[in-house]
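Undergrad: This structure is in structure tokens; I'll ask about it shortly.
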Amino acid sequence: MSDRLPGPDPLAMLITELREPVAVDPASKCRLMDLIREAPAPAAPPVRLVPNRSRALAAIRRMRGDAPRTASASTLATAAGIALVMLVGMQDRVDTGAPRSRRAVVIGDSVASVASAIRDTLRIVQFMLTAPAASRVALAGDFNGWDPREIEMARDSRDGRWAVTLALAPGRHSYAYVVDDTQWVRDPAGMAAEPNDLAPPRSVITVPR
Amino acid sequence: MESDAAVVKRVLNGEVEAFSILVERYFDHYVRFAIHLVGNREDAEEVVQDTFLRAYRALGRYEERERFGAWLLRILVNRARTVSAIGRRREKMFPDQADAVLPETALAHPEERAALREEMARALDQLGRDQREAFLLHYVEGLSYEEIAAVTGSGISALKMRVKRSCERLREILQGVNRV
């Protein structure tokens with residue numbers, strides 16, 4: 001928040017005028033509530049496709065045969081992502097505090113059994129963002145219901161690069177980075193998604209088959 | 001006071017009427033913002049109404065971690081951009097005297113105030129859409145640059161530049177008016 005006023009009086013006067021409250025006809029709000037009552041109920045929160053780390057580790061154990069194989073497709077997808085973390089080439093060091101990134105890259109693939117019947121090929125994708133000034137960076141996307149807390153990225157203290165590796169199904173995925181829990185940024189090196197007034201700035205990656 | 005997130009939960013649990021709490025909290029304030037953004041009251045009220053309807057339908061996608069007001073503002077800014085893109089007229093940037101809640105001191109010289117408002121409206125109208133948006137969000141709505149970035153999808157350095165340039169431009173226009 002900022003309370004600073006920028007300079008001489010005319011501008012300060014303009015800002016003061018702009019901050020004046022306006023009176024709104026209460027009937028407008030009644031009409032709006034009438035429309036809300038007639039509208040379909042809001043959709044339930046999206047299903048999380050990527051579970052948390054403990055569930056993922058449990059899924060890995062199940063994949064190894066330590067437990068009955070009853071994991072869901074989404075659980076196995078994450079398990080594969082965590083199990084098959086692969087290193088890719090190091091990025092050049094940067095000194096600026098501004099988030100930058102290499103494009104998210106597909107670096108391998110894995111095959112996971114799904115419900116003992118369907119086999120689905122998953123691609124291993126590494127997401128990277130260079131943000132030396134950030135204290136926390138997470139990845140959110142349509143693959144995890146846009147949860148800004150679930151997929152935390154790990155920081156490389158040498159160059160301020162944050163990375164996480166996921167197993168994703170082939171197809172088009174939208175994603176964004178969440179810096180310090182508040183700032184949603186699209187992948188500076190990725191392809192920008194079509195603007196959507198209900199979604200934060202985001203990028204798109206197409207995972208090949 | 002019940003938090004916005006708690007109200008959202010009630011609505012998602014089927015208490016549709018609880019949504020009116022959010023309408024009461026934000027409607028008037030955002031009508032004011034929309035008037036300045038799109039330039040006339042009729043479009044502004046339409047944009048705000050549309051914003052609330054869209055927010056209601058998408059309420060399941062609202063994340064508690066984000067301020068509800070900021071989430072709503074993001075929808076509003078995008079709706080306003082759509083209206084601006086249609087190219088409707090900008091008029092009555094400031095509400096009519098009868099509609100505005102004016103301090104008593106201002107009422108002593110209503111004609112002067114009306115003229116002043118007219119000039120100010122003209123000045124604001126001369127800013128480009130992006131500059132006006134950034135200026136209003138920062139100085140009128142009091143959002144930080146990080147919050148504006150989340151609302152508009154623009155980078156922080158670009159936003160700082162827009163606000164700086166809008167201040168310079170407005171100062172130039174308003175000082176020119178004062179000299180006449």
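The values are calculated or read from the model by the stated rules, or taken from the named source; none is laboratory data. No experiment lies behind these values; they were computed from the predicted model shown. Please note: Cβ atoms are built from the backbone with ideal geometry, for glycine as well, and neighbour counts cover all protein chains shown. Ligands, DNA and RNA are stripped out before the accessible areas are found, and what is left, the full protein with its side chains, is counted by its heavy atoms. Shrake-Rupley method; radii C 1.70, N 1.55, O 1.52, S 1.80 Å.
Undergrad: Quick one, what does Rg over Rh come out to for region B:1-85 if you take C-alpha atoms and the Kirkwood Rh?
TA: Working: Rg = 12.7 Å, Rh = 13.0 Å.
Rg/Rh for region B:1-85 comes to 0.98.
Undergrad: Calculate the tail of P(r) for region B:114-169: the fraction of all Cα-Cα distances greater than 12 Å, expressed in %.
TA: 64
Undergrad: Give me a single rounded figure for B:15-27: the average over its residues of other chain Cβ atoms within 10 Å of their Cβ.
TA: Working: counts 0, 6, 3, 0, 6, 6, 0, 1, 6, 3, 0, 0, 5.
Taking the mean over all residues of the peptide, I get 3.
Undergrad: Continuing with this model, one more query. B plus A alone minus the pair: what accessible area, both sides summed, probe 1.4 Å, in Å² to 100? Working shown, then result.
TA: Values: alone 10600 and 13160 Å², together 18560 Å².
By this definition, chains B and A bury close to 5200 Å².
Undergrad: Counting only other chains, what is the mean number of Cβ atoms within 10 angstrom of the Cβ of each residue in peptide B:160-172?
TA: Values: counts 0, 0, 0, 2, 1, 0, 2, 6, 3, 0, 6, 7, 1.
If you average over the peptide's residues, the count of other-chain Cβ atoms is 2.
Undergrad: Enter the mean number of other protein chain beta carbons within 10 Å of the beta carbon of each residue in B:118-125, as an integer. Before the final figure, lay out the partial values.
TA: Details: counts 0, 2, 7, 3, 0, 3, 3, 0.
Mean shielding by partner chains, rounded to a whole number: 2.
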